[in-house]
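Have a look at the structure below before the remarks.
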Amino acid sequence: MRVAYWPGCVSRGFTPELHGSMAKVAPLLDIELIELDRAACCGAGVIAEHNQELADTLNARTFALAQQTDGELMMNICSTCQGAQTECQQRLDANDAYRDHVNATLAGEDLRYERGLTNKNFLWLLVEEIGLAALQAKVARPLSNLRVGPFYGCYIVRPMDQLAIDDEHPRHRYLQWVIEALGGTVVDYAGVYKCCGFPIITMNRDASLRQAGRHLGDALDADADCLVTPCPLCHLNLDLQQPLAERVVGRKLGMPVLHLPQLVGLALGLEPRQLGMSKHIVRPASVIDWATAVIGAST
Amino acid sequence: MIKSPLQYTLRLRRFNPESGEMPYWQDFKVELEGHRSVLDAILKLRDEVDGSIGIRCSCRQAICGSCGVRINDKPGLACHTHLERAAQAAREGSRVIQVEPMGNMPVMKDLIVDMDAVHWKKVHRVTPWLINRQPTPEREHIVPRQSMIDVTQTMACIQCGACVSDCLSMEVDPEFIGPAALAKAYRFVGDPRDAWHYERLKDLSEDPHGLYDCSHCWMCIDACPKGVAPMSQIMRLRRLAGSDHHIEDHNNGHRHEHAFTENIRRNGLLHEADVLPDSYGGKLNPRAVPVLLYSLPVILRALARRKITFGNALLHPHRRRFKGLHRLFDSIQRRESRYELNLYVSGYDSGEPAEVAGSGPAMVATGASGLDTTHAPRRQGEDR
Ligand code: SF4
Ligand code: SF4
Ligand code: FES
């Protein structure tokens, strides 16, 4: 399928391995990415707290660019983009007069957002468009014996009604489903749906790192080999900042954190290095050892 | 809903501080119709099986806010949760309805938490009463209707503490003022009769556990049985404090917001290497230096792993694709008033979802007026 692809900012900034691994994994899943390279930051909730109309207009602009492509839908790879964009879209779609008002600003660039765009995170697309059975059929290296803890990121699980999470679309279960479909073992721990703390890193560093450190510690106590997250901002606090979080919670953690496309890529047969895992701050040693052991066993 | 009685299993968290025992789980069976509430079931058990079960309640119809508990890991009102629905939401299809006291507050007995020690103390912290203008008007204080509609959402709060129970910032920083109290603060900051808007905002912005200590986790929005959306009220307070009253707090709250927005205006995509130091006033600012030093170990490791490269950190590789973007920023930021759409107030056009998160009957519709905006005055100049 062809999708209008919104990679977000951080996947091309401080977590380049996310954008890189998505590009490697997409063709294996027959996803054709039409990159929206003129689209700007979603505002990550921060611009909205400064000026709501500004955030809504920036995202309407992105949606309009997506609607200019022939993609079946728009796909993002960031929980925060999903949540921030959905919130803006809800306002734009709810009120015709407001949408016209926002479109008037976009008219300067000859852009116009028409109500009703479908915007799905890669996680949702995996389950709802590709399907778990089809995904499973493509698995070349099942994640047997790999214990994976899901870490969603707030913006992709709350508020439930805004994100259309219901009995029909239990989107707050999808990470667990995907881990299982890839052959891995789901690790349940206290932090699955909690906040990584990143949004307050510049305001209350101690509380921010304490959140990250606590969830990583809980995952460690539950015997996880690694975590997986669809959110690059969570990845910043959980991986990049992990050495600092260790100081705050006063314990050694060493918990590898994978981006969702990396975990999928691993099961589809790609190597850790191809998926950019050498760029992580916490070396995913457990994952690399596991991958090597699997190769050893199969030859 | 199931009309004839069914058997339900309730797993209650028990704790009696006088017994010296640790808290424990106890299972009870109860027969009731599925449309009856979890509170009905607990009261039936207390009447017929074990008179020592502790739960607080009064109105039994989602008005008084006294029966806040956690049901199957989610906070809510025991009197406002149907048994059948709770059984369906139970863990792994077990149909066992698990009820425990709310979080972030000390447990007094069984399902009763100490609201005074946490919730009420925090509400008190935000000066929850109207500070009149001087001189006091001789007759009633007449305000435009529209301006009061803006605060109705916060006025729907019944002080149940469900949002406090699950606040993730409070979990790591118990001193955080928290969602219910901050929503209450907006009730007065948004009220045109109050004379202390600036003082309130300044106070809450400067408190290290105040306005900028919320980590934007959305928990309180999902927790609230009355659609108050405390986090949205916190964001309103931040907009008023930063964009309208230009309060430069010591917590870097407003500075971060400003640095982030300016960063996007310049670069289109976030340039992380700038936003961190800029949030502290710029790379050479004395405030930023200790932060950069603190982060040095991870910065060096990120450079060594080529996660971050000097080229990417120093140059702005994306900037050239966004040459005209500042015009969009200018046209919006230079408006005389900010536009804000509150769906709780305006509702939905075109027969779309008429319901905002759990707002129920408290939802306020303002007719088919279309664009409903809050025009917040800008005090000095337009943009900083
Ligand atoms: S959004 Fe803020 S106030 Fe609400 S629960 Fe999360 S941290 Fe607490
Ligand atoms: S804001 Fe909602 S959840 Fe919080 S105390 Fe008020 S009614 Fe309860
Ligand atoms: S008993 Fe009053 S709200 Fe439940």
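Each Lys and Arg Cβ is given +1 and each Asp and Glu Cβ -1; about its Cα centre, the range B:253-333 then shows a dipole of about 380 debye. Going by alpha carbons, how many degrees (0 to 90, nearest 10) lie between the helix axis of B:253-267 and the longest principal axis of chain B? Between the helix axis and the principal axis of chain B, the angle is about 60 degrees.
Evaluating kT/(6 pi eta Rh) at 20 °C and 1.002 mPa s, with the Kirkwood radius of the range A:34-123 over Cα pairs in the Stokes-Einstein relation, gives 166 µm² s⁻¹. Note that chain B presents 46 Å² accessible area per residue, ligands and nucleic acids not counted, probe 1.4 Å. Among residues other than A:Trp290 with Cβ under 15 Å from its Cβ, the summed charge is 0 (Lys and Arg +1, Asp and Glu -1).
With the full set of protein chains in place, find how many percent of the accessible area of the protein assembly as shown is carbon and sulfur; take the probe as 1.4 Å. Roughly 52 percent of what the probe reaches on the protein assembly as shown is carbon or sulfur. Within the range B:1-135, the proportion of C-alpha pairs whose separation exceeds 22 Å stands at 41%. Among the residues of A:97-105, the average count of other protein chain beta-carbon atoms within 10 Å of the residue beta-carbon is 4. Peptide packing: for A:35-41, A:113-119, the average count of neighbouring Cβ atoms within 10 Å per residue gives the ranking A:35-41, A:113-119, highest mean first.
Computed about its Cα centre, the charge dipole of the protein assembly as shown is approximately 1420 debye, with only Lys, Arg, Asp and Glu carrying charge at their Cβ.
Placing unit charges on the Cβ atoms only, positive for Lys and Arg and negative for Asp and Glu, gives chain A a dipole magnitude near 1000 debye about its Cα centre. Volume per residue for the range B:123-243 equals 104 cubic angstrom (convex hull of Cα atoms).
In Å, what Kirkwood hydrodynamic radius results for chain B from the alpha-carbon pair distances? Hydrodynamic radius (Kirkwood, Cα pairs) of chain B is 24.0 Å. In whole angstrom, the range A:95-218 maps to an equivalent ellipsoid with semi-axes of 33, 24, 13, each derived as √(5λ) from the alpha carbon gyration tensor and ordered largest first.
Around the amide H of A:Arg2, modelled in the peptide plane, lie the amide H atoms of A:Glu32, A:Glu72, all under 5 Å away and 5 or more residues distant in sequence or on another chain.
When peptides B:88-98, A:125-135 are ranked by their average number of other Cβ atoms within 10 Å per residue, the highest-first order is A:125-135, B:88-98. Note on A:Lys252: lysines with a C-alpha under 22 Å away, same-chain residues under 8 apart excluded, are A:Lys194, A:Lys279.
In the range A:206-270, the alpha-carbon atoms span a convex hull of 77 Å³ per residue. Across the options B:Gln233, B:Leu45, B:Tyr212, the greatest Cα extent toward the positive end of the charge dipole of the protein assembly as shown (unit charges at beta carbon of Lys, Arg, Asp, Glu) belongs to B:Tyr212.
Cross-link reach is defined here as a Cα-Cα straight distance under 19 Å, omitting same-chain residues fewer than 8 places apart; for B:Lys202 the lysines meeting it are B:Lys122, B:Lys184. Buried accessible surface for the A/B chain pair comes to about 6900 Å², total over both chains, computed with a 1.4 Å probe. Relative to the longest principal axis of the Cα atoms of chain B, helix B:197-206 runs at roughly 90 degrees. On the principal axes of its alpha carbon atoms, the protein assembly as shown extends 67, 64, 51 Å, with the longest extent given first. FRET efficiency for the A:Asp110 to B:Ile142 pair, using the beta carbon distance and R₀ = 51 Å, is estimated at 0.60.
A viscosity of 1.306 mPa s and a temperature of 10 °C, combined with the Kirkwood radius over Cα pairs in Stokes-Einstein, give a translational diffusion coefficient for the range B:253-333 of 116 µm²/s.
Peptide B:341-348 has a mean shielding of 4, counted as Cβ atoms of other protein chains within 10 Å of each residue's Cβ.
Mean partner shielding of peptide A:281-289, defined as the number of other chain Cβ atoms within 10 Å of each residue Cβ, is 1.
The values are calculated or read from the model by the stated rules, or taken from the named source; none is laboratory data. Fair warning: this is a prediction, and the values are worked out from it, not measured in the lab. Methodologically, a virtual Cβ is constructed for each residue, glycine included, from the backbone with ideal geometry; neighbour enumeration extends over all protein chains shown. Ligands, DNA and RNA are stripped out before the accessible areas are found, and what is left, the full protein with its side chains, is counted by its heavy atoms. Shrake-Rupley method; radii C 1.70, N 1.55, O 1.52, S 1.80 Å.
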